[in-house]
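Following: one structure in C-alpha cells, then a few remarks.
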Amino acid sequence: MIKKMIFISILLFIIIFPVYSQERSWKIIRQAGITIDFNDVFFVGTKNGWATGKNGALIHTSNGGKIWDYQKTNTNKELHKLHFVDEKTGWVVGADGLILNTTDGGKTWKAQPIGTQKWLLSVCFINKNTGWVAGDGGAVFRTDDGGKTWYSQNIKADDPFSEIKFIDENTGWVISSKGNIFNTNDGGKTWRTQESDIASTFDGMFFINEKQGWIVGGMGVMLRTEDGGKTWQGMSDEQKQKTLPYGNGMPEPLDSVHFLNPKDGLAVGDFGVILRTTDGGKTWKAQKSGTGTRLTQTQFVSDKEAWAVGESGALLHSTDGGYTWNSEIRSDDLMDVDFINDNEGWAVGHNGLILKTNNAGEDWEISNSNSIFELHSVKFTSPKVGWVTGTNNTILGTQDGGNTWKSFPSSVGVGLYGIDFVNPNIGWIVGEVADMGATILNTTDGGKKWKTQLPPIDVFSNVIAVDAVSPKEAWIVGLFGTIINTKDGGNTWTRQSSGVGNYLEDVFFIDNKTGFVVGNSGVVLATNDGGQTWEELESGTHNNLKGIAFINKNEGMIVGEKGTILKTNDGGKTWSSIEAGTDVNLYSICKTPKGNMYAVGQWGIILKY
C-alpha cells in the first residue's frame, strides 16, 4: 500500500510539474542570410556569376543564381572588384595591394604580387593576358602576362582611382573620387585629363565603345559622352529632383552604371536606388528595388536579365530587363518580434522587411510594407490589428493581419523606435529627439490619432523602448541612462534615477513594482518598488544587451550582441549565459502565451526557445 501511494505521488508530481524545462534550448529556425556587404558582381553569360565584398567574402553561382556557394579566398581583406574573361579565368582586387587570380572558375585563388600596399579598387582585363588595376594614391598598374608581372603606369596624380575601364589594348579611362577623368590611347603609357566641369566624386564608369561612355558619382552625378570623353553632358537639377531621392537637401550618390547596348542602361546607388534608361542616358526613370540599402554594383547579363548587389547582403535579380527586381536572399537585420498567440507572429527589420508566421515559426512569409526604411518595433493587439514603427517618421498599421499596411505619419517628423499597447485602444510610441525633447506619442483610439506627450524638460535625448503595465502606468528608457515613468497615462512623465550613464535599450515589467532594464556594456538594472530605486545587477558580460522578456515571475531571458543570451530562474537575482547556437547580434526577444520565446537579430536570424 505504501509503495502504491509513493508511486501515485511520483506520478502526480510528474503530471503537475513536468520536467521538460531541462530539455528546452534555443534553436535557430531561420538562418542568417548571406552575411556579406557586397562591393561587386560579375557574370560571364547568364549562368556563371561571382559576387564579392568585405572580409575576403566571395560567392559563386553556376545556375543563374538559384544557388550561391562560398569560394575560399584565404584572406580576410576587403575585396573590391572582380573581372572574368571567361568562365575559368578571373581576377579580384582589394585592400593592401591584394590581387587574386583563378584559372578554374574560382575553385582556387592565388595571390599575384604587385609591389604596392595601396588599396586596389578596380580591375579590367581585355583578354587573358592584358589587364589593368587601379586604386588609392594614383595607383595604376598594367600586366601583359595574365598578372604574373605588373608594372606601374604613372598618371602624375595621387587621386584615389575608383574605376578603370579599357575597351581594347590602347583605349581606356580612369576616374577618381576627386572628380577627375583621365584618358589614354596608347595602353596607359601616357594619360591626359578630360574636363567635366563637375565638382563631385566619381564612383562608377562604363564605356560600351570608343565613343559612348557614362560616369556616376556623388550628389547624383550622371555624366555621358558621345565623343570619347572630349565633352561630357550631365543630368539637370530638375531631372535629378524628378528621379533621385534627396537626403539633407542633396541628391543621393550613385555607385555603379552599366549598359547593355548604346541605349539601355542601369545605374544604382544609395537608399536602394535603381535607375533605368532607354535613350542612352539622356533621361532616367527610377525603378522599385524593394530595398533601402546602398547598392554598389549592377550588371546586365542579357537583354532580359540583370543583377545588382549592395550592403547588408543585398542580392537583387531582374528577369525583365531591369524594370522589376526581386531579392534572391533577404538578409536584412531583424530588429523586433511579437507574437499575439502561440502560432501567429511578426518580425520587422531593415529595408521595410516584415515577416509573418502562422505556424509557430516553422515558415515565414514576407508581408509587403511598401517601405524601404528601417523598421524598429512591432506590436499586435489582435490577430488582425498591428502596428510597426521605424525611421523617417514611420508608423504603419494593419487591420487585416498584415496583408496590407497603411501609413500613419506623426507630426514630429523624426525616427521612431519602441511601441507598446496596454489594450487595443491605448498605446505609446517613443523615438528620437524633436523640438520639445524626446519623442513620446500616445493614442487612446487604437492608433487613429497619435498625440505628442511632453517628456521631463531635462530629457533631451533619444528614447528607445516603452513598456506599459496599465492604461495609466508605463516606463520609457533611452540614451544616457534615461528612465522615465508615468502614473497618469502620460499627462506627466517623471525621471527616475538609473544610476548609470549607459545607453538603455529595453525595459520589461512583470508587474507595476517589479521591472528590469538592459543596455550597453552588459548593464542590467532591477527595481522592486516601481522604479523609485534601481539596482545594477551582475550580468557576467560586457556585450551590449538589447532585449529582455520573462516567461513568468521567475524565468526570464536577455539577448544581446555577439549571440549573447542570459537566463535567470530566480526572478532576476542572478543571470547566467546559455548557448545560443550563433554569434551574430540578437536585437529583440518576446514570449508567447504558453511560454515559448523567440529572438531575432542580425542578417535576419530567428531563434526559438
Note on the stretch 135-162: residues surrounded by 15 or more Cβ atoms within 10 Å (Cβ to Cβ), touching an Asp or Glu at 6+ places or on another chain (Cβ under 7 Å) and of a type in the set (Gly, Ala, Ser) are Gly138, Ser162
Look through the stretch 386-435, keep the residues that are farther than 17 Å from Pro455 by Cβ, polar (S, T, N, Q) and over 20 Å from the mean Cα position of the chain (by Cα), and return whichever of them is surrounded by the most Cβ atoms within 10 Å (Cβ to Cβ). Thr398
For Ala111, state whether it is of a type in the set (Gly, Ala, Ser) and within 23 Å of the chain's Cα centre (by Cα). no
Would you check if Asp303 is more than 17 Å from Thr324 (Cα to Cα) and either among the charged types (D, E, K, R) or assigned by TED's automatic domain parsing to the domain that holds Lys47 (or both)? no
Filtered residue count, the stretch 163-179, keeping only those that are at pLDDT 95 or above and surrounded by fewer than 23 Cβ atoms within 10 Å (Cβ to Cβ): 7
With respect to Pro471, is the statement that it is assigned to a loop (DSSP other than H, G, I, E, B) and crowded, with 20+ Cβ neighbours inside 10 Å true? no
Out of (1) on the phi < 0 side of the Ramachandran plot; (2) crowded, with 24+ Cβ neighbours inside 10 Å; (3) under 24 Å from the mean Cα position of the chain (by Cα), what's the single condition that is false for Gly265? (3)
Specify the residue that is nearest to the chain's Cα centre (by Cα); the eligible residues are those in the stretch 353-370 that are charged (D, E, K, R) and surrounded by fewer than 12 Cβ atoms within 10 Å (Cβ to Cβ). Glu365
So, first residue in contact (Cβ under 8 Å) with a residue 60 or more places away in the chain in the stretch 399-413, second residue among the basic types (Lys, Arg) and surrounded by fewer than 18 Cβ atoms within 10 Å (Cβ to Cβ), Cβ within less than 9 Å, six or more apart or across chains; the pairs are none
Given the criterion modelled with pLDDT of 95 or more, over 26 Å from Ser498 (Cα atoms) and in a loop (DSSP other than H, G, I, E, B), identify the matching residue among Pro409, Pro383. Pro383
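Conditions (1) out of contact with any strand residue (DSSP E or B) (no Cβ under 6 Å at 6 or more places or on another chain); (2) surrounded by 15 or more Cβ atoms within 10 Å (Cβ to Cβ); (3) assigned by TED's automatic domain parsing to the domain that holds Gly281, marked per residue:
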{"position": "Thr184", "(1), (2), (3)": "no, yes, no"}
{"position": "Asp203", "(1), (2), (3)": "no, yes, no"}
{"position": "Gly213", "(1), (2), (3)": "no, yes, yes"}
{"position": "Asp227", "(1), (2), (3)": "yes, no, yes"}
{"position": "Gly234", "(1), (2), (3)": "no, yes, yes"}
{"position": "Lys240", "(1), (2), (3)": "no, yes, yes"}
{"position": "Pro245", "(1), (2), (3)": "yes, yes, yes"}
{"position": "Pro251", "(1), (2), (3)": "yes, yes, yes"}
{"position": "Leu254", "(1), (2), (3)": "no, yes, yes"}
Listed by range, strands (runs of 3 or more DSSP E) wholly within the stretch 529-609 having at least 1 residues that are within 26 Å of Ala474 (Cα to Cα) are 535-537, 545-550, 556-560, 565-568, 586-591, 597-601
Checklist (1) in contact (Cβ under 8 Å) with a residue 60 or more places away in the chain; (2) buried (at least 21 other Cβ atoms within 10 Å of the Cβ); (3) part of a loop (DSSP other than H, G, I, E, B); (4) not polar (S, T, N, Q) applied to Ile114, failing item: (1)
Filter the stretch 223-248 for residues that are part of a loop (DSSP other than H, G, I, E, B) and at pLDDT below 75; which is nearest to Ile175 (Cα to Cα)? Pro245
Just to be sure, is Thr46 outside any loop (DSSP other than H, G, I, E, B) and among the β-branched types (Val, Ile, Thr)? no
Being touching a Ser or Thr at 6+ places or on another chain (Cβ under 9 Å) and farther than 14 Å from Leu223 by Cα is the filter here; which residues of the stretch 187-196 pass it? Gly187, Thr190, Trp191, Arg192
Quick one: count up the residues across the stretch 274-330 that are free of Cβ contacts under 8 Å to residues at least 60 places away in the same chain, assigned to a loop (DSSP other than H, G, I, E, B), of a type in the set (Val, Ile, Thr) and crowded, with 20+ Cβ neighbours inside 10 Å. 1
State all residues of the stretch 412-444 that are farther than 21 Å from Glu505 by Cα and modelled with pLDDT under 95; if no residue qualifies, say none. Val412, Gly413, Asp435, Met436
List pairs: first in the stretch 92-108 and among the hydroxyl-bearing types (Ser, Thr, Tyr), second in a strand (DSSP E or B), Cβ under 9 Å, 6+ apart or cross-chain? Thr102/Phe84; Thr102/Gly90; Thr102/Trp91; Thr102/Val92; Thr102/Lys110; Thr103/Gly90; Thr103/Lys110; Thr108/Thr102
Tell me which residues, restricted to the stretch 78-111, are buried (at least 18 other Cβ atoms within 10 Å of the Cβ) and in a loop (DSSP other than H, G, I, E, B). Glu78, Thr89, Leu98, Gly105, Gly106, Trp109
Identify the single condition in (1) outside any strand (DSSP E or B); (2) at pLDDT 95 or above that Ala347 does not satisfy, given that it satisfies every other one. (1)
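The values are calculated or read from the model by the stated rules, or taken from the named source; none is laboratory data. All values reported here derive from a predicted model rather than from experimental measurement. Cβ sites come from the backbone with ideal geometry, for glycine too, and all protein chains shown count toward neighbours.
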